[in-house]
Structures are given as structure tokens and as C-alpha cells.
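The next block holds one structure in the form of C-alpha cells; read it before the comments.
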């Protein structure tokens, strides 16, 4: 396994992805790229369940604590993070371990994205004016490119705006533009993908344990601080684990109801992640945490740490870009 130049570990939230990735990185002096849309944000530590500085140890990490919660982030920026991590990996001869639950980012790395056109000041203004009324913006997109619009939700502000960027920037409907500029894969080298499988009752127990641990660690205080500094406007504030706390603070539910909502919404996310991963990726190997430890040659002295962790992978995010269809 030490001959692997890069690999990817995926699976439902709380399945143990981060623990397995860290164990492999420690054993092979690897570099980790976090495939987690919420771990990107600084100050969102408990809600994202990102590995702590102590847990990361001396392992170089990319994709964690990259930007403030109120700074926009999209998949083009994530591809830049991949290139940084891969360059560091090649320069040091260290394997790159891509780990996390945001399958949409992985899909874009494998399939590529079409480059967006540069926008003139006039084009930017026209897009901004159009987006003042999302309903009208969607209706306009439907008039210029009905096929493309039909594939979008009328409430999908991010993709509607990007479609109008293309049209006002080039004069070409998005469908025509993407035919002219097809996406190119970002990852050119082989990427074995390992998927952790977990029985649903076991995963539910891990999610409950994770949620209780977060609440005990100060999740409510963290969300209060985030709201005070950034308001509720950023997309990151709509993440699972944050939005339920905000409902609790508004008095829409009591503390136990907040806890149950986090558990239920996280379990639903896990189900969506499994469905997305199975439908989108060619999985090299599926197996339980213990089976993949053996497959990847993780030394036995690390087994206890992995088994006791309950899964360090990011349990509480909404799987969006933010938003993404995770």
C-alpha cells in the first residue's frame, strides 16, 4: 500500500473516515486533503467535527480552516486546493489522502468543470440586477435556455447566477457554452477510492454519540458566537448542527428536541451520502472500518484509536457547496 501516490476515503458521516485517513497518513507520512465543505471554515470547529490540531499532529492538512464563514467558496477554489495538496505531495514524495463526505467536490475533481468566462463590469452589473429577483431570474434563464433551466430548482440561486454569468459574459446559453467548453478532469493520475460501510443501527449509535459529544463540548456557545460575528446570512450558517441550534435559540424547540433534530438530520445526510457515492463513483474497495484498515495495511496498534473514535469524519454539515448534493 505504500506505493499508492494518492487515494480517497469516503463513506457516510460518522463512519470513521478521518480516523482511517489520519492513521494511514501517520504510517506513511502522508498529506491529507479534507473533502468536507464545512471544515473549510475557520471558527466552525465543533459543528464541523473537524479533527483538532492535536489530532492532526504533524500531518500536513489542506482544506481545513481555509476561509472565514462569511466568505463565498465554490468548487473552482476547491480544485485549487487539490493542486496545492498534490504539488506538496509530489514535492515530498508523500501519498495524498483525500478524505471526507462532500461527494460533489470529489465528483468535480474526477469529472472536471468548464472554466467560467471573465466578466466585464457591465456583465457583472446585469447579473447583479437580474439576481435581485430570483423568480424573475429563473424565468429569464428558462426563456434563453429551457433545457438547462429545467435541470435546476427555481430556488437554486448559486447555479442560476452562474448560468447568467455565462450568458451575460459570452452571449451563449449555458447548454451551448458547455458544449463548446467541455469539462476536463482535474485528477489525471489513478485515484483508488475506498468506501467505509457501516450497518445503519451502528451508524445511528455513532451519530448519537457524536451529537452528544458536540453539545457537551459547547456547540450552542459556538453557534452563538458565529451568529454574533457573522449573522445568519452566510450559507455556512444553514449547516446541520447550526440551524437546529438557531431554532433552539429562537424558542422553536427545547434542548432535547434540538438534539433529536440534529441526530435525525445527520442520519438523513448519511443516507444521501451513501446513495450519491454509490451512483457517482467507481469504488475500488468497500468494507467496514476494520476491513479497510487491513486492506490499507494499518498497523494493529492503531486499531484501538480508530475503533474508539466513533468516526472523526465531519458529522454535521448540510452537504452543500455550500450547497452541494451530498
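Observations, loosely collected:
- The single residue among 80, 49, 91 that is in contact (Cβ under 8 Å) with a residue 12 or more places away in the chain and either within 29 Å of residue 231 (Cβ to Cβ) or part of a helix (DSSP H, G or I) (or both) turns out to be 49.
- Lone unmet requirement of (1) without any contact (Cβ under 8 Å) to a residue 24 or more places away in the chain; (2) assigned to a loop (DSSP other than H, G, I, E, B) for residue 119: (1)
- Among the residues of the stretch 119-136, those identified as surrounded by fewer than 10 Cβ atoms within 10 Å (Cβ to Cβ) and within 30 Å of the chain's Cα centre (by Cα) are 132, 135.
- Residue match in the stretch 158-172 (condition: under 24 Å from residue 236 (Cα atoms), without any contact (Cβ under 8 Å) to a residue 12 or more places away in the chain and either assigned to a helix (DSSP H, G or I) or over 28 Å from the mean Cα position of the chain (by Cα) (or both)): yes
- Filtered residues of the stretch 248-292 (kept if closer than 21 Å to residue 207 by Cβ, in contact (Cβ under 8 Å) with a residue 60 or more places away in the chain and touching a helix residue (DSSP H, G or I) at 6+ places or on another chain (Cβ under 7 Å)): 266, 267, 270, 273, 276, 277, 287, 289, 292
So that you can scan it fast, the table gives a plain yes or no per residue for (1) within 16 Å of the chain's Cα centre (by Cα); (2) more than 15 Å from residue 101 (Cβ to Cβ); (3) at pLDDT 95 or above:
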site: 262; (1), (2), (3): no, yes, yes
site: 270; (1), (2), (3): yes, no, yes
site: 273; (1), (2), (3): yes, no, yes
site: 276; (1), (2), (3): yes, no, no
site: 295; (1), (2), (3): no, yes, no
site: 300; (1), (2), (3): no, yes, no
site: 304; (1), (2), (3): no, yes, no
site: 307; (1), (2), (3): no, yes, no
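The values are calculated or read from the model by the stated rules, or taken from the named source; none is laboratory data. Remember, it's a predicted structure, so these values are computed and weren't measured experimentally. Ideal geometry is used to build each Cβ from the backbone, glycine not excepted, and the neighbour counts take in all protein chains shown.
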